[in-house]
Amino acid sequence: MKVLCVAEKNSISKSVSHTLGGGRVTTRNSSITFVKNYDFTFEFSNWGRCDVTMTCVAGHITGVDFPSDYRWGRCDPGALYHAPLQVQANGTNAQKIADNIKKEARNANYLMIWTDCDREGEYIGWEIVQEAAKGNRNFTVDTAFRAQFAHLERNHVLHAAHNPVRLDKNAIDAVRTRMEIDLITGSSFTRFLTGFMKNAIHYLKDGDIISYGGCQFPTLGFVVDRYKRTKRFVPEDFWHIDISIKKIGAGHSKKTDLVWERGRLFDKLAVLCLYQNCVNKDNDRARVQSLQTKPTSNWAPLPLTTVELQKDCSRFFRMSAKDALDAAEKLYQSGFVSYPRTETDSFPAAMDLKHFIQKQTPSDAWGQYANDLINVPGKFRQPRGGRHDDKAHPPIHPVAFTANLSNPTQAKVYEYIVRRFLACCSHDATGSQTTLKVKWGTESFFTSGLMVKELNYLEVYTYRHWSSSNREIPAVEPGEEVKISKAGIGSGKTAPPPKLTETELIALMDRNGIGTDATIAEHIEKIIARNYITKSKERGTTVLNPTSLGYGLVEGFSQIGFDSISLTKPFLRKKLEDKLKMICDGSATKPQVCQEILDMYREAFALANQNKRLILQCCEDAERNA
DNA sequence: GCAAGGTC
């Protein structure tokens, strides 16, 4: 018997082949350099010993598109809402990959899909079945087997090979629904906007595109939203009572500044009254309410996800999300780190983490730490686990050591991935927090100091700082009277919200379900390329601002006042995502969801058509006010 | 020429 296995990418195909083939694997090249065909034998519990060929795709093979009658310029953009759709290969490479599957399927008895175990993976599995069926009519979605695996640990992979299931048709439908909705809505609005705006706005050049996308617009919306809050901000005056105390009878002991428990008030008269009350009641004496020392800790980080990697590289190294992901991708292809696109923030219990720590011991910089982690009893700690699991990839971790990365960006990202990994296998930092609370008149004041005891993970995770405060807290007893050495009323103004950073934007997109780990960086780059936002350095930090075009579009779309949806807010994408989940669990169908979502868009499209003048006006106003 | 999602 012969089995054809197909994975989503070569790295999986290679790894699974070597696990199943027990080291006896022969490699054949295909017409695409990064797609190999691996031949070996394996004893399946269902089929006995079989000849196996394992190959791969490189993500999706096909995409949906409109037939030629509906290409740009050949029809009214509104006609796209009832256009037929066709499936076609994503270019010549995809066609070669498809042909390879067709050829390898010809004399196979069984087809086993080894794509990632997520929604897109189910759909890619369906695409693979379509290609295999062209070479072998026995293969259908109902006869294809599906290996279920979440990582590449040997026993887990063997279990997956022995216990295949079927492809999940609901998940396949859900992905197809997303594809069709994104294509129709994106293309209709993009053609519409580009069509009427390109001649009406003077700074647009021939070939400029005013695009709409279900992820692009909410991303732009976040940037505009923060910009508006910053612009509109009116500072407010506030006041607070400040006091300093001294232990009585301690000679030249230092004074200790305390913070008012109420923080600050926006009513000057009220603060004056409270202050006067205190002076009248207690004059220059206050009483210690409590002095407490509690153990505290600073938590080691969770295992690393893509979004965290991008946020941290942006924060620590001022790297763009795209540069960080590109560097991680290169490191992965070079075999230094694990797969860099993952949402999973806990390691599988069976994974041998010390094996990967061991690999880092040759390093001059962190080798000693890695060595201690393995050899000093009690140093290693099984990492805490987060609540995210994409069921497809483990957290990002180093798999091999290198000290020779000539590319500085890759070197930084590699070092970060290693330090983060060693840190999450370490104990939390510990310390103690002392808090002093004092009552003066009717008001309470406090201060606290930190004493760091053990750095633990912070020794290797040099990006985070946590140190003992040099504030001195006097040795006083509860109930003890202390002297007020200074008292007064301080004032200040509230500060505007800070400009949006890329780190914050990534976090907003992640929290609101805009894009995925692999695409968040692309959406940001896309709206920069479209001239909707700019990235600029202000006082040492990189911040994001809308252009007048981006601002005008968001303003125009929000002034149109769509009934049920806002195209510049994240809720519509969230709604689509919820509906896709319903398709997956069987509580909705593809036709229902397409109809419901596309009806909303059709309505929005009609309204936008009636309000071209308004959109242009908003863009002009934005330019004038810039 | 348009989207978003995979991956190289």
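The values are calculated or read from the model by the stated rules, or taken from the named source; none is laboratory data. What you see is a predicted model, and the numbers here were worked out from it, not measured in a lab. In this analysis, Cβ positions are derived from the backbone assuming ideal geometry, glycine residues included, and neighbour counts consider all displayed protein chains. Protein only, heavy atoms only, side chains kept; ligands, DNA and RNA dropped before computing areas. Shrake-Rupley method; radii C 1.70, N 1.55, O 1.52, S 1.80 Å.
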Point to revise | For A:Ser485, residues with placed amide H under 5 Å, excluding near neighbours | key: A:Ser244, A:Ile245, A:Lys246
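For the range A:306-424, state the semi-axes of the equivalent ellipsoid (square roots of 5 times the eigenvalues of the alpha-carbon gyration tensor), sorted largest first and rounded to whole angstrom.
Details: eigenvalues 93, 68, 30 Å².
So the equivalent ellipsoid measures 22, 18, 12 Å along its semi-axes.
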Review point. Accessible area per residue, 1.4 Å probe, Å², for chain A: what's the number?
Key: 47
Check your understanding: Given a Förster distance of 41 angstrom, what is the FRET efficiency for A:Met582 paired with A:Ser432, based on the Cβ-Cβ distance and rounded to 0.05?
Key -> 0.25
**Study point:** Phi-based couplings in Hz for the range A:407-419 (Karplus 6.51, -1.76, 1.60; Gly and Pro marked x)
**Key:** 6, x, 5, 4, 4, 5, 5, 4, 4, 4, 4, 5, 4
Practice item. Determine the share of chain A's accessible area contributed by carbon and sulfur atoms, expressed in whole percent, with a 1.4 angstrom probe. Key: 48
Revision key, fill the gap. Given A:306-317, A:27-38, A:181-192, the highest-first ranking by average Cβ count within 10 Å works out to A:306-317, A:181-192, A:27-38
Practice item. Tabulate in residue order the Karplus-calculated ³J(HN,Hα) for the range A:505-510, using 6.51 cos²θ - 1.76 cosθ + 1.60 with θ = phi - 60°, rounded to whole Hz; enter x for Gly and Pro. Key: 5, 4, 5, 4, 5, 4
Revision key, fill the gap. Measuring from the longest principal axis of the C-alpha atoms of chain A, the long axis of helix A:321-333 (C-alpha) lies at a number of degrees, nearest 10, equal to 50
Check your understanding: What nm distance separates the two modelled labels at A:His162 and A:Thr41, each placed 7 Å from Cα along Cα→Cβ?
Key -> 1.9
Check your understanding: Once fully extended, how much extra length lies between A:Lys493 and A:Asn109, figured as 0.36 nm per residue of separation less the alpha-carbon to alpha-carbon distance?
Key -> 130.7 nm
Check your understanding: Do you know the relative contact order of chain A, to the nearest whole percent, from alpha carbon pairs under 8 angstrom that are 6+ apart?
Key -> 16
Point to revise | Residues with amide H under 5 Å from that of A:Gln148, placed H, sequence gap 5 or more | key: A:Val165
**Study point:** Approximate spin-label separation A:Arg74-A:Ser467, in nm, with each point projected 7 Å along Cα-to-Cβ
**Key:** 6.7
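Which trypsin sites (Lys or Arg not before Pro) does the range A:511-578 hold that lie in a coil by DSSP with at most 14 other beta carbons within 10 Å?
Here the trypsin sites (Lys or Arg not before Pro) that fit, given the DSSP loop and packing criteria, are A:Arg539.
Ignoring ligands, DNA and RNA, how do A:Trp299, A:Trp440 rank by accessible area with a 1.4 Å probe, largest first? Can you show the working numbers first?
Numbers: A:Trp299 145, A:Trp440 5 Å².
Correct descending sequence by accessible area is A:Trp299, A:Trp440.
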Study note, to complete from the structure: Normalised Cα Rg of the range A:2-167, dividing by 2.2 N^0.38 Å with N its residue count, works out at 1.13
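If the chain between A:Arg49 and A:Thr541 were fully stretched, how many nm would it gain, using 0.36 nm times the residue separation less the Cα-Cα distance?
Values: separation 492, 0.36 × 492 = 177.12 nm, distance 6.04 nm.
So the chain would gain 171.1 nm between A:Arg49 and A:Thr541.
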**Study point:** Cα gyration tensor category, rounded, prolate or oblate, for the range A:110-264 with a/c compared to 1.5
**Key:** oblate
Check your understanding: Spin-label point model (7 Å from Cα, Cβ direction): what's the A:Lys322 to A:Lys102 distance in nm?
Key -> 3.5
**Study point:** Between 0 and 90°, nearest 10: helix A:571-584 axis offset from chain A longest Cα axis
**Key:** 50
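Gain in length, A:Val234 to A:Lys255, computed as 0.36 nm per residue apart minus the alpha-carbon separation, to one decimal in nm? Mind showing how you got there, number by number?
Numbers: separation 21, 0.36 × 21 = 7.56 nm, distance 3.62 nm.
Going from the current span to full extension adds 3.9 nm.
If R0 is 41 Å, what FRET efficiency do you get for A:Asp142 and A:Arg511 from their C-beta distance, rounded to 0.05?
Working from the Cβ atoms, E equals 0.60.
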**Study point:** Between helix A:268-282 and chain A: long-axis angle, C-alpha atoms, 0 to 90°, nearest 10
**Key:** 50
Study note, to complete from the structure: With x for Gly and Pro, the residue-by-residue ³J(HN,Hα) of the range A:448-453, computed from phi through the Karplus equation 6.51 cos²θ - 1.76 cosθ + 1.60 at θ = phi - 60° and given in whole Hz, is 9, x, 10, 10, 7, 9
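Percent relative contact order of the range A:306-424, based on C-alpha pairs within less than 8 angstrom and at least six residues apart? Numbers along the way, then the final one.
Values: 153 pairs, mean separation 39.7, N = 119.
In percent, rounded to a whole number, it is 33.
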Exercise for review: Hey, for a label at A:Ala475 modelled as a point 7 Å past Cα toward Cβ, could you say which residues of the range A:246-262 have their backbone N under 20 Å away?
Suggested key: A:246-257
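Against the 2.2 N^0.38 Å scaling, with N counting residues, where does chain A land? I'd like the Cα-based Rg ratio to two decimal places. Kindly include the intermediate steps, with their values, before the conclusion.
Numbers: Rg = 30.5 Å, N = 626, 2.2 N^0.38 = 25.4 Å.
Against the empirical 2.2 N^0.38 Å value, I get 1.20 for chain A.
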